[in-house]
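For reference, the structure I am asking about is given below.
The values are calculated or read from the model by the stated rules, or taken from the named source; none is laboratory data. Quick caveat: nothing in here was measured; it's all calculated off a predicted structure. Please note: Cβ atoms are built from the backbone with ideal geometry, for glycine as well, and neighbour counts cover all protein chains shown. Heavy atoms of the whole protein, side chains included, go into the accessibility calculation; ligands, DNA and RNA do not. Shrake-Rupley method; radii C 1.70, N 1.55, O 1.52, S 1.80 Å.
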Amino acid sequence: MLKAAIFDFDGTLFDSNYVWITAGERFSQSIGITPKPNLQEEIRTMSLYQSACYIREEYKLSLTVEEIMDGINRTVENCYFHEVQPKKGVISFLRELKDVGIRMCIATATDRYQIEAALKRCDMFDFFEEIFTCSEVGHGKDEPIFFRKAMEYLGTDRSNTVIFEDALHAVRTAKTDGFLTVGIFDPYIQEQKQLQTFCDCYLTDFNQTELFWKFASQR
């Protein structure tokens, strides 16, 4: 019997991966620059600092790297406070979990205040007992201790705790450490075939509840 669920946020609960992919382009537009068509792809794998350096050089801006970084951060923040939406079927699915007594928390690489803003705006905050962020825990999703911290808080064990994730590296970390894993489709993640074969259960969206409950009944 499952007792707890640990959810990733971006690309799992919320359709928000686009925020990080388009942040540089949106910032450029906000200061009156028409970004080149390939800007998103050019900076997609860069850190925030690297992206700011690239934008400053590419568009010959008088802004400092720090000012550009601040601007990109404000762009991202604005999306969480006013724009991002839960993925299809999420709220109904969370109600189902809550109704059968499954405890829930969030484990994310995004800052807490941004997550809380989006959850409260969409009336989802009360579903979750706690939010764990990589920066606060001091470990990333490539380290099992990150998921263990959330599990310890919930007072469960690996045999009855399921991790919901859209990212292959996070699913691999959790599954290798003995957690049950549910992979969630997200159009911004390219490793869908690997994700499907690696996780214990795979959902294209949260309206596929029958697949999850079938999986859950076999635990």
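Not counting ligands, DNA or RNA, and with a 1.4 Å probe, what is E210's accessible surface area in Å² rounded to the nearest 10?
Rounded to the nearest 10, the figure is 110 Å².
What are the ³J(HN,Hα) couplings of region 133-141, residue after residue, when phi is run through the Karplus curve with 6.51, -1.76, 1.60 and θ = phi - 60°? Round to Hz, x for glycine and proline.
Rounded to whole hertz, the list is 10, 4, 5, 6, 6, x, 9, x, 7.
Take every Cα pair under 8 Å in the chain that's 6+ residues apart, average their separations, divide by the length, and report that relative contact order as a whole percent. Spell out each step's value before the answer.
On the way: 330 pairs, mean separation 56.6, N = 219.
Relative CO of the chain lands at 26 percent.
Considering all projection directions equally, how large on average is the shadow of the alpha-carbon convex hull of region 10-147, in square nanometres? Walk me through the numbers on the way to the answer.
On the way: hull surface 37.4 nm².
Average projection, Cα convex hull of region 10-147: 9.4 nm².
Any chance you could look up the accessible area of H169 with a 1.4 Å probe, heavy atoms only, rounded to 10 Å²?
Solvent-accessible area, nearest 10 Å²: 100 Å².
While we're looking at this one, here's another question. Compute, for L61, the solvent-accessible surface of its heavy atoms (probe 1.4 Å) with the complete set of protein chains present, and express it in square angstrom to the nearest 10.
We get 30 Å² for L61.
At a 1.4 Å probe radius, which order do S159, S16 fall into by accessible area, largest first? Could you put the intermediate results ahead of the total?
Values: S159 85, S16 0 Å².
If we order S159, S16 from most to least accessible, we get S159, S16.
Report, ordered by chain and residue number, the lysines lying within cross-link reach of K36, taken as a straight Cα distance under 26 Å and ignoring same-chain residues fewer than 8 apart.
Correct list for K36: K60.
Divide by every residue of the chain the summed helix terms, -39500 (n - 2.57) for each DSSP H run of at least 4, and state the resulting mean residue ellipticity at 222 nm, rounded to the nearest 500 deg cm²/dmol. Spell out each step's value before the answer.
Numbers: 11 runs with 108 residues, N = 219.
Roughly -14500 deg cm²/dmol at 222 nm, from the helical runs in the chain.
Same structure, new question: Can you tell me the length gained on complete extension of the stretch Y113 to E130, counting 0.36 nm per residue apart and subtracting the Cα distance?
Contour length minus Cα-Cα distance gives 4.9 nm.
Which of the peptides 122-129, 144-151 is most tightly packed, and how do the rest follow, judged by the mean count of other Cβ atoms within 10 Å per residue? Display every interim value, and only then the final one.
Working: 122-129: 15.0, 144-151: 20.0.
Sorting 122-129, 144-151 by mean packing, highest first, produces 144-151, 122-129.
Moving to a separate point now. Tell me, what is the FRET efficiency for Q85 and Y188 to the nearest 0.05, using R0 = 22 angstrom and their Cβ-Cβ distance as r? Don't skip to the end; give the middle numbers.
On the way: r = 15 Å, r/R0 = 0.66.
In this case the efficiency is close to 0.90.
How do the peptides 130-139, 195-204 rank, highest first, by the average count of neighbouring beta carbon atoms within 10 Å per residue? Before the final figure, lay out the partial values.
Numbers: 130-139: 15.5, 195-204: 17.8.
Highest mean packing first, the order is 195-204, 130-139.
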